[in-house]
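Q: Below: one structure in structure tokens.
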Amino acid sequence: METRIKRIVIVGGGTAGWMTAAALGKVLGRDYADITLVESDAIGTVGVGEATIPQLATFNRMLKIDEDEFVRRTKGSFKLGIEFVNWGRMGHRYMHPFGSYGRNMNGLSFHAYWQRLKQLGEVDSLDDYSLNATAAKSNKFMRAIDAGNSPLSEIAYAFHFDAGLYALYLRDLAEGHGVRRHEGRIVQVHQDGESGFVESVELEDGARIEGDLFIDCSGFRGLLIAETLGVDFVDWSRWLPCNRAMVAPCASVDAWTPYTRSTAHAAGWQWRIPLQHRIGNGYVYCSDYISDDEATATLLDNLDGEPLAEPRQVRFTTGHRTKYWEKNVVAIGLSSGFMEPLESTSIWMIQNGISRLLANFPDRTFAGVDRDRYNRVMLQETEWIRDFLILHYHATERDDTPFWDYCRTMDVPERLKEKLAVYANTGRCFREADELFNDTSWFAVLTGQCGSPRSYDPVAEMISLEETRERLRQIRDTVHASANYMPDHRQFIQEHCAA
């Protein structure tokens, strides 16, 4: 095709840049287009995206990544879910596990049957019916095996890893597929005088790198999408008020927990991400309610081990660009917007941006319909994630600090209001179309933070109470037996993928 894209320029490295480079290099191949990534060693990356969700496995399979090598190279560990501490109320904790709870029966969600027995006071812990939650509590992990109808046949998991090492690993893969890296700081962006399309970027040494398609992976700065093309930013701080993170690694401990922990504090929350060589920690907070010094002290007071570096601060605003794709520039990663790391969605949003770009890949005419669809779908998916994150802040009994008072009483988007109302009535949870978080994820957080609904799905009474009790007993026993079969998480890593 005479109008085919022949030159692709990726501005910025880090996780977003090298994920994009590795994917485009692998999918398009050497003969389709020249791909150049421009980055400067003098410009640091945020590097806090160390926890992921199971969808990353799809990206890894597309790149034909050997999982053991990947975990070894990134000094990673495995993740079965996220534990939330002090969110619904002080002293309370619950797990948002990957995978399913129990088994659906007679076409109805397992959640409904559990809620029926919960109303009668006959069940307590939802975790008893999740292999991931039960295994996580005992620091167990293994990959799925062929075990018939056992939950061991379907183990959903993700990863924790060192984001800097991940970028280096992806760089090796990308360069193996023909991507060229150009070192240097961009000092000027050249545009076509008539169309406004970006034509080239100019570096400090005077070199110009020309392209047909430009991918902006320049981080919060948004060098192309914001500074050059002037695309505005939509601020979601009224719903997601945290705007800073104080970050510091600490020494590892003996138990390698196969889950991320999120602990709510007075003005935000703290993540704990266990790797093979250290633990990643960060206090995400709102500067309206706590000083930077107080946030630093809170972070350091809640580390498992000795700090391995001085705390550093990352400032951000939760929200998104009004357009993710404008003219011949596609923003991927932090340049397109930011959803705070509460549910480990940052790397998935990079992955999703790449996937959507490939699905709507342009030629040099840059048809408006391709851009419009990309922008519409990306915005819709971002809003769905936003609502799920807001749920964690809003569904709380906490009134012990001004921060939590604000979150508990703030007005929330209409779709979230509906979900809360439906759950409060019958405990039902629904997934909107293809939104990232399914009904099980919504059920985990709603049950963990909202308590019991007024009633349960009446269709659950299609199975007698005695049979419901027996089926749930069998599921609980099977889950615990399966978890007992699994090896220790640290032992699994040492046998298969130790760094």
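Each value in this text was obtained by applying a stated rule to the coordinates, not by laboratory testing. Remember, it's a predicted structure, so these values are computed and weren't measured experimentally. Heads up, the Cβs are rebuilt from the backbone with ideal geometry, glycines too, and the neighbour counts pull from every protein chain shown.
Q: For ALA481 and GLU414, compute 0.36 nm times the residue count separating them, minus their Cα-Cα distance, and round to one decimal in nm.
A: 19.9 nm
Q: With a Förster radius of 45 Å, plug the Cβ-Cβ distance of ASP232 and LEU120 into 1/(1 + (r/R0)^6) and report the FRET value to the nearest 0.05.
A: 0.25
Q: Taking a spot 7 Å from the Cα of LEU358 along the direction of its beta carbon, which residues of the stretch 27-41 have an amide N less than 16 Å from it?
A: Only 27-33, 35 fall inside the zone, counting backbone N under 16 Å.
Q: Would you mind ranking SER464, SER252 by Cβ crowding within 10 Å, fewest neighbours first?
A: Fewest-to-most Cβ neighbours within 10 Å comes out as SER464, SER252.
Q: Additional query: Based only on other Cβ atoms within 10 Å, what is the fewest-to-most ordering of VAL284, VAL330?
A: Result, fewest neighbours first: VAL284, VAL330.
Q: Once both axes come from the Cα atoms, what is the angle between helix 439-450 and the longest principal axis of the chain, in degrees from 0 to 90, rounded to 10?
A: Tilt of helix 439-450: around 60 degrees.
Q: Under 17 Å from the Cα of LYS327, which aspartates and glutamates turn up, not counting those fewer than eight places away in the same chain?
A: Of all the aspartates and glutamates, those that pass the test against LYS327 - Cα under 17 Å, at least 8 places apart if same chain - are ASP192, GLU194, GLU199, GLU210, ASP212, ASP216, GLU227, ASP232, ASP363, ASP370, ASP372.
Q: Zone of SER195 (label point 7 Å along Cα→Cβ, backbone N under 14 Å): which residues in the stretch 204-223?
A: Label zone hits: 211-214.
Q: Within the stretch 75-108, name every residue whose backbone N is under 19 Å away from a label modeled 7 Å from Cα of VAL253 along the Cβ vector.
A: 77-87, 91-96, by backbone N distance to the label point.
Q: While we're on this one: Using Cβ counts within 10 Å as a stand-in for footprinting exposure, how do CYS242, CYS407, CYS450 rank, fewest first?
A: The most exposed by this proxy come first: CYS450, CYS407, CYS242.
Q: Convex hull over the alpha-carbon atoms of the chain: what's its volume per residue in Å³?
A: Once divided by residue count, the hull of the chain is 158 Å³.
Q: Then there is this: Kindly provide the helix-only [θ] at 222 nm of the chain, computed as the sum of -39,500 (n - 2.57) over DSSP H runs of four or more divided by all residues, to the nearest 500 deg cm²/dmol?
A: -11000 deg cm²/dmol
Q: In 10 Å bins starting at zero, report the fraction of Cα pairs in the stretch 244-315 per bin as a rounded %.
A: Per 10 Å bin, starting at 0, the Cα pair percentages come out as 22, 55, 21, 2.
Q: Assuming 0.36 nm per residue, please report the length gained on full extension of the stretch ALA207 to ARG315 beyond their Cα-Cα distance.
A: Working: separation 108, 0.36 × 108 = 38.88 nm, distance 3.19 nm.
Between ALA207 and ARG315, full extension yields an extra 35.7 nm.
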